[in-house]
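Undergrad: One structure, pasted below without further comment.
No value in this document is a laboratory result; all are computed from the given coordinates. As the structure is a prediction and not an experimental result, all values here were calculated from the model. Cβ: placed from backbone, ideal geometry, glycine included. Neighbour counts: every protein chain shown.
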């Protein structure tokens, strides 16, 4: 990494700049900000240690108000009485230099893990109550969080995790980042990672070009729109493939079937799956 990039990385301190926004059914549209080591903010919030916690991590050039968060927060709270924590690491994500953003995503993920450990120490919550969901470079960050929390996170979802700078990156999303890990690929080879990364990988429509889209940005975003719909409908049945090459080529005729997405971890399931979607909502074909 060039010296100028190292200087930019050194200026990013997620321990102090990351902001965590809590949403619950008691405050579904206006967040309660939380900060690492601020006990008063946490104790005065609606955080409930007896409930599951879903952590959302945005991607490159995004923030707490990104479409990713706006698509997921309402459907999650409608489906389940949980704590939703939105991670705002925008001070580390808003650079046009992918090397800086990728490095910042790793250090931010480590900071998020420390935040979760702190919350758990203070409230008595445990890693088994957590589901971490990340989009793009935030997908890899979700994996970093999972592997750095003290104890095993229950469920990590990567929504079209980023490609550039991650192929040989040892910090990329990995199958054992949680008890159950799942990745949805919608723009592989451009914005999204090509190969399988998780215990279970889904390749809707072959994983690169989504029906109804006319840009890579749209394809990339379809991952969180599909995931949002999977929470409300439970649709999207995948057909098992021999490997990700078969999924990309749409040559999958194995007998295995598995539902994509949702808020319930499919612990024990593994493999690569292919499915087709509609060009507009409802995207699921069942």
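Undergrad: Compute the FRET efficiency between residue 285 and residue 11 as 1/(1 + (r/R0)^6), taking r as their Cβ-Cβ distance and R0 = 41 Å, and round to the nearest 0.05.
TA: Rounded to the nearest 0.05, the efficiency is 0.30.
Undergrad: Stokes-Einstein D for the stretch 127-286 at 4 °C, 1.567 mPa s, Kirkwood Rh over Cα pairs, in µm²/s?
TA: Details: Rh = 15.1 Å.
My calculation gives 86 µm²/s for D.
Undergrad: Using 0.36 nm per residue of separation minus the Cα-Cα distance, give me the extension gain between residue 167 and residue 117 in nm, one decimal.
TA: So the extension gain works out to 15.1 nm.
Undergrad: Note down the relative contact order for the chain as a percent, whole number, built from C-alpha pairs under 8 angstrom at least six residues apart.
TA: Relative contact order for the chain comes out at 14 percent.
Undergrad: Rank these for me by crowding, 85, 208, going from fewest to most other beta carbons within 10 Å.
TA: 208, 85
Undergrad: Please state the relative contact order of the stretch 13-83 as a whole percent: Cα pairs under 8 Å, 6+ residues apart? Before the final figure, lay out the partial values.
TA: On the way: 66 pairs, mean separation 25.0, N = 71.
Once normalised by length, the contact order is 35 percent.
Undergrad: Is the stretch 197-278 rounded, prolate or oblate when judged by the Cα gyration tensor, a ≥ b ≥ c being the square roots of its eigenvalues, rounded requiring a/c under 1.5 and prolate requiring a/b larger than b/c?
TA: oblate
Undergrad: Given 25 °C and 0.890 mPa s, how large is the Stokes-Einstein diffusion coefficient of the stretch 49-160 in µm²/s, with Rh as the Kirkwood radius over Cα pairs?
TA: In µm²/s, the coefficient is 177.
Undergrad: Nearest 500 deg cm²/dmol is fine: what mean residue ellipticity at 222 nm does the chain get from its DSSP H runs of n ≥ 4 alone, each adding -39,500 (n - 2.57), divided by its residue count?
TA: Taken over the chain, the calculation gives -10000 deg cm²/dmol.
Undergrad: Let a ≥ b ≥ c be the square roots of the eigenvalues of the Cα gyration tensor of the stretch 147-191; is it rounded (a/c under 1.5), or, if not, prolate (a/b larger than b/c) or oblate?
TA: On the way: a/c = 3.45, a/b = 1.65, b/c = 2.09.
Oblate shape, in that a/c is at least 1.5 and b/c is the bigger or equal ratio.
Undergrad: Same structure, new question: Give the relative contact order (percent, whole number) for the stretch 133-191; include only Cα pairs under 8 Å separated by 6+ residues.
TA: Rounded, it is 40 percent for the stretch 133-191.
Undergrad: OK, next. Place the peptides 161-170, 225-234 in order of packing, highest mean first, counting for every residue the other Cβ atoms within 10 Å and averaging per peptide.
TA: Averaged packing, sorted descending, gives the order 225-234, 161-170.
Undergrad: Let me ask something else. Taking a spot 7 Å from the Cα of residue 49 along the direction of its beta carbon, which residues of the stretch 103-129 have an amide N less than 18 Å from it?
TA: The answer is 114-129, whose backbone nitrogens lie closer than 18 Å to the label point.
Undergrad: Continuing with this model, one more query. Between 171, 117, 253, where does the largest GNM mean-square fluctuation fall for the chain, given springs only between Cα atoms within less than 10 Å?
TA: 253
Undergrad: Under 10 Å, Cα contacts only: if you run a Gaussian network model on the chain, which one of 269, 15, 110 comes out with the highest mean-square fluctuation?
TA: Highest fluctuation of the listed residues: 269.
Undergrad: In nm, to one decimal, how far is the residue 98 label point from the residue 251 one, both placed 7 Å along Cα→Cβ?
TA: 2.8 nm
Undergrad: Length gain on complete extension for the stretch residue 67 to residue 39, per 0.36 nm per residue less the alpha carbon to alpha carbon distance? Could the numbers behind the result be given before it?
TA: On the way: separation 28, 0.36 × 28 = 10.08 nm, distance 2.98 nm.
Working it through step by step, the gained length comes to 7.1 nm.
Undergrad: Taking a quarter of the surface of the convex hull around the Cα atoms of the chain, what do you get in nm²?
TA: The directionally averaged projection comes out at 13.8 nm².
Undergrad: Express the C-alpha Rg of the stretch 131-216 as a ratio against the empirical globular expectation 2.2 N^0.38 Å, rounded to two decimals.
TA: 1.03
Undergrad: Follow-up question, since we're still on this one. Testing the spin-label approximation: label points 7 Å from Cα along Cα→Cβ at residue 195 and residue 26. State their distance in nm.
TA: Going by the 7 Å Cα→Cβ label model, 4.7 nm.
Undergrad: Using the alpha-carbon atoms, what tilt in degrees (0 to 90, nearest 10) does helix 216-233 show relative to the longest principal axis of the chain?
TA: 80 degrees
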